[in-house]
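The values are calculated or read from the model by the stated rules, or taken from the named source; none is laboratory data. Given the structure is predicted, the values throughout are model-derived calculations rather than measurements. Methodologically, a virtual Cβ is constructed for each residue, glycine included, from the backbone with ideal geometry; neighbour enumeration extends over all protein chains shown. The protein model used for the area step is the full one, side chains on, heavy atoms only, and it has no ligands, DNA or RNA in it. Shrake-Rupley method; radii C 1.70, N 1.55, O 1.52, S 1.80 Å.
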Amino acid sequence: MKKVKQITALILVFINLGFFNLAIEAQSKKITELTSVSFKKTPTTFENPSLVKKYQQTISPETLASHLYYLASDFFEGRGTGMRGQRMAAQYLASQYRQMGLAPKGNDTVDSLSPTAYLQPFSLFRVMPRETQLEVISNGNKIAESLFSGEKHDDLSFYAGGGAIDASGGIVFAGYGIADDTLSFNDYAALAEKGISIEGKWIIMLADEPLANDSISLLPTENHKISRWTTGFTDKRIPRWKAGRPKGILVVSDLSPRNKITFSDAAAATALNTQRVGVLSLYEPSEIPQTYNISAKFANQILASSGQKIEDIKQQIDKNLKPNVFEIKGVTINSKVEQSPKLQTENVLAFIEGTDPKLKDEVIVISAHYDHLGINPLLKGDRIFNGAADDGSGTVATLALAQAFMNAKRDGFAPRRSILFANFTGEEAGLLGSFYYTNVDLRIPLEKTVANINMDGVGGTDLKNPTGSKDYIYITGAKNLSEELIDINQQITKLTGSTLNLTDGGKFGFSSDDRDFRDQLIPYIYYSTGRTEHYHTVSDEPETIDYEHFARVVQLIFANAWQVANQQSRISSVDRSKLTIEGYICPECNLECDLETRKSPFHKPGVCPICGMNLVPNYVQRK
């Protein structure tokens with residue numbers, strides 16, 4: 001079991017690459033700048049608190065449990081994005097909205113009675129290729145090759161990420177790929193001094209940094225702790241991106257003292273992991289250089305014409321703590337790639353039209369993602385990630401909220417504003433469904449979207465939450481953009497007599513599909529019970545949920561949604577007529593590429609070439 005965990009951890013580094021699931025909530029200076037000029041606040045009058053309490057009571061533990069025990073059962077196979085279980089879950093959600101009487105808001109306008117009328121389908125690139133082949137050509141002769149796929153693998157190489165496409169180019173040895181003048185170690189400065197360019201070439205580099213063992217750095221770091229060049233997942237990409245645009249990266253991974261398994265085991269585990277969905281993208285990530293992990297054996301085949309061995313080079317660098325970089329003359333690398341077929345997936349969208357002639361064109365989006373992590377073939381025993389709290393709970397909460405609003409509508413108390421219930425796919429794969437909705441196929445225009453109320457993991461319990469109580473809920477928003485929503489939520493909590501402790505989730509780094517609404521400058525509030533002890537494990541099962549607490553949380557969310565949907569004044573929002581889009585940038589986060597891309601925005605949508613996150617519009621004030 002220990003070995004499986006080690007391999008799984010390696011796969012998470014080599015395959016998932018971390019950039020698609022960064023749960024980061026950076027308070028946005030950009031938002032503050034824009035809202036300070038174009039943001040209007042209006043007074044709040046609370047609407048029908050007695051009716052709120054009446055329809056809150058229709059949200060019961062029994063109702064929530066009846067949905068969650070089914071949606072988070074093994075039947076749906078962990079609801080992996082693009083997989084059979086996720087698509088069956090979409091059909092289930094559509095059928096539930098149909099039964100309640102909500103209108104479809106999907107793309108199928110031909111057959112309004114079909115569940116597909118509620119679906120917003122789109123396709124995704126599966127970043128993991130079906131097969132890769134690396135060839136080493138020395139002076140016109142093929143001296144080595146390596147094959148990798150789910151069925152074939154060797155002890156030479158395996159694919160680790162990036163935009164895998166056919167490519168050919170010369171090869172440069174770039175040491176450890178570190179650029180850190182504070183540590184007196186800069187491989188790229190050494191390359192520049194020798195007049196060696198990496199543009200259009202392949203780079204071969206050592207993993208991590210010079211290390212004495214798996215926990216002590218040889219570099220002059222503080223107390224010789226391992227530095228960001230080993231632990232930071234984008235740090236080596238940033239200086240490489242500044243230095244040029246290489247064809248691909250070959251990382252010698254089996255010489256690092258941090259490596260606890262053989263290269264063959266790592267390749268075999270990666271091959272087995274191709275059965276999973278892996279990294280997905282709305283855009284072909286061709287801007288990110290393709291990356292392969294290679295063994296010392298393969299590195300020595302590449303280095304053969306230079307008369308050097310990778311073990312000796314590493315030993316020399318580690319001893320002298322000085323870069324050793326050079327071009328391998330007469331040697332080229334060819335990559336041949338067979339891409340995996342695209343995956344089809346879908347958001348689920350259901351609509352309640354408002355009744356006020358003046359306000360019904362204003363829409364609140366109530367959202368939760370319904371995908372999860374699917375099945376992990378590397379595990380023994382239970383392999384299904386059922387995702388009860390994350391985010392089966394948010395998903396069934398949308399159903400309960402829809403039913404409560406429909407109950408009110410049938411009694412003659414339909415919301416004045418319209419409400420779109422959105423169950424997004426692909427959140428676990430990088431907020432793909434919400435990004436597709438907000439950036440590619442917006443069903444409600446941004447200027448008519450009043451607010452986003454998002455739920456992700458509202459049914460679990462974070463035993464480490466700062467209140468010291470199980471009766472709490474984290475709420476997250478952005479300065480200025482979310483202040484009115486949070487203020488309403490706090491007042492509604494008191495008016496309805498809720499016992500929930502409202503806790504600021506922003507300081508804990510919580511973020512989900514709400515981030516895509518934030519990036520479009522839509523007011524939002526995000527509800528979550530946080531990272532539970534079962535977070536992203538196979539033990540996130542329906543029986544772990546406290547359904548009494550779950551019901552209290554959803555009742556509070558209903559009260560907040562009721563207020564936003566019915567109050568006379570619209571939630572304070574950005575005046576979009578005063579803004580314009582100037583290019584596309586990396587979403588605000590705590591990675592250096594955020595700042596780098598803001599210096600020079602890209603001209604079209606795509607993915608950040610450093611971290612791989614979807615680029616977002618760069619809003620600026622109109623001149």
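In table form, for the structure just shown:
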item	result
Conditions (1) more than 30 Å from Gly78 (Cα to Cα); (2) outside any loop (DSSP other than H, G, I, E, B); (3) among the polar types (S, T, N, Q): number failed by Asn324	(2)
For Ile486: the one exception among (1) assigned to a loop (DSSP other than H, G, I, E, B); (2) free of Cβ contacts under 8 Å to residues at least 40 places away in the same chain; (3) farther than 16 Å from Gly354 by Cβ	(1)
Residue in the range 576-583 that is surrounded by 22 or more Cβ atoms within 10 Å (Cβ to Cβ) and touching a residue at least 12 places away in the same chain (Cβ under 8 Å) present	no
Candidates Arg417, Arg410, filtered to the one that is among the basic types (Lys, Arg), over 19 Å from the mean Cα position of the chain (by Cα), more than 21 Å from Asn107 (Cα to Cα) and open to solvent by less than 10 Å² (accessible area, probe 1.4 Å)	Arg417
Residue match in the range 200-212 (condition: crowded, with 19+ Cβ neighbours inside 10 Å, within 31 Å of the chain's Cα centre (by Cα), among the hydrophobic types (A, V, I, L, M, F, W, C) and more than 18 Å from Ile313 (Cβ to Cβ))	no
Scan of the range 336-354 for residues that are open to solvent by less than 30 Å² (accessible area, probe 1.4 Å), outside any strand (DSSP E or B) and within 23 Å of Met88 (Cα to Cα), ordered by number	Ser340
Residue satisfying condition, being hydroxyl-bearing (Ser, Thr, Tyr) and either more than 16 Å from Pro239 (Cβ to Cβ) or in contact with a His (Cβ under 8 Å, 6 or more places away or on another chain) (or both), within set Tyr159, Tyr188, Tyr176	Tyr159
Filtered residue count, the range 275-314, keeping only those that are farther than 23 Å from Leu211 by Cα, more than 19 Å from the chain's Cα centre (by Cα) and open to solvent by less than 40 Å² (accessible area, probe 1.4 Å)	3
Members of the range 97-114 that are outside any loop (DSSP other than H, G, I, E, B) and either open to solvent by 50 Å² or more (accessible area, probe 1.4 Å) or charged (D, E, K, R) (or both)	Arg98, Gln99
Residue among Tyr92, Tyr69, Tyr55 that alone is under 24 Å from Phe351 (Cα atoms), more than 25 Å from the chain's Cα centre (by Cα) and part of a helix (DSSP H, G or I)	Tyr55
Qualifying position, being assigned to a helix (DSSP H, G or I), in contact with a helix residue (DSSP H, G or I) (Cβ under 8 Å, 6 or more places away or on another chain), more than 28 Å from Gly430 (Cβ to Cβ) and among the aliphatic types (A, V, I, L, M), among Leu191, Leu219	Leu191
